[in-house]
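Novice: Below is the structure I would like to discuss, written out as structure tokens.
The values are calculated or read from the model by the stated rules, or taken from the named source; none is laboratory data. Keep in mind it's a predicted model, so treat the numbers as computed, not measured. In this analysis, Cβ positions are derived from the backbone assuming ideal geometry, glycine residues included, and neighbour counts consider all displayed protein chains.
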Amino acid sequence: MIGKVYSIPPQPPVAENTRYFPAGNLAIGVEYRDLDPDGLVATYKDDPAHLAELLERSPEGGFTDEGVSLHVCGAEDGHEYIRFDVFLAEPHYHYNHRGAEIVNNVIDFDVAANGDMLPWAFGCIRSRLDSMLPTAGGGHLVEDLDRGAIASALEQIEPLAEKAQAVARARRAGTAGAGGS
């Protein structure tokens, strides 16, 4: 497997911050995430093994980032197979394998080579799901992918995600210009 492999699931989407759109046998969610160490500890505090792995693998001061997340889930099983975290500092994506064991495969996105991650992620959802879903244990979904339904969902999702990303970048630029980070 490429990237970093964790045996803890990704932090679940925050329900009140996530809008899901039907896309045939998929549901695609869009969320603005504000990741911080305290929130991550709260997520995993009831599972000592997960919390220990989080703390062991966290950078100094913990994981802190924010940005748009796109959640690609099975419509029937609700499992999130792929997540695109279009974060401002460290964009990445997840193959969240379905199976008895948790395999959360995190792949860093190379902005220098690939440019802005958001259009790249939309391109993957449009044209790469048939190769990406099996990588995350969602191969059973490929045969029934409905490209029209996916395109219809993305027509609604793209403006929401682009606006959230623009607001966050403007806020960050304003903060940085004021001497912050």
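Novice: Which numbered condition in (1) under 24 Å from Ala15 (Cβ atoms); (2) in a loop (DSSP other than H, G, I, E, B); (3) in contact with a strand residue (DSSP E or B) (Cβ under 6 Å, 6 or more places away or on another chain) is the only one that Gly78 fails?
Specialist: Of everything listed in (1) under 24 Å from Ala15 (Cβ atoms); (2) in a loop (DSSP other than H, G, I, E, B); (3) in contact with a strand residue (DSSP E or B) (Cβ under 6 Å, 6 or more places away or on another chain), Gly78 misses just condition (3).
Novice: Follow-up question, since we're still on this one. Return the only residue of Ala112, Ala121 being crowded, with 17+ Cβ neighbours inside 10 Å and in a helix (DSSP H, G or I). Working first, answer last.
Specialist: Values: Ala112 fails: crowded, with 17+ Cβ neighbours inside 10 Å.
After applying the criteria, what remains is Ala121.
Novice: Taking the residues in segment 4-33 that are touching a Leu at 6+ places or on another chain (Cβ under 9 Å) and of a type in the set (Gly, Ala, Ser) as candidates, determine which candidate is surrounded by the fewest Cβ atoms within 10 Å (Cβ to Cβ).
Specialist: By that ranking, first place goes to Gly24.
Novice: OK, next. Looking only at segment 91-102, which residues are at pLDDT 95 or above and either touching a Cys at 6+ places or on another chain (Cβ under 9 Å) or surrounded by fewer than 17 Cβ atoms within 10 Å (Cβ to Cβ) (or both)?
Specialist: Passing the criteria: only Tyr93.
Novice: Quick check on my filter: what residues within segment 89-131 are small (Gly, Ala, Ser) and touching a strand residue (DSSP E or B) at 6+ places or on another chain (Cβ under 8 Å)? Let's see the steps before the verdict.
Specialist: At the first step, the residues of segment 89-131 found to be small (Gly, Ala, Ser) are 89, 99-100, 112-113, 115, 121, 123, 127, 131.
Residues satisfying the conditions are Ala89, Ala121.
Novice: Of all the residues that make up segment 6-49, how many are assigned to a strand (DSSP E or B) and either within 18 Å of Arg126 (Cα to Cα) or aliphatic (A, V, I, L, M) (or both)?
Specialist: Within segment 6-49, the subset assigned to a strand (DSSP E or B) is 6, 18-23, 26-35.
Among the residues that remain, those that are also either within 18 Å of Arg126 (Cα to Cα) or aliphatic (A, V, I, L, M) (or both) are: 20-23, 26-30, 35.
Looking only at that region, the number is 10.
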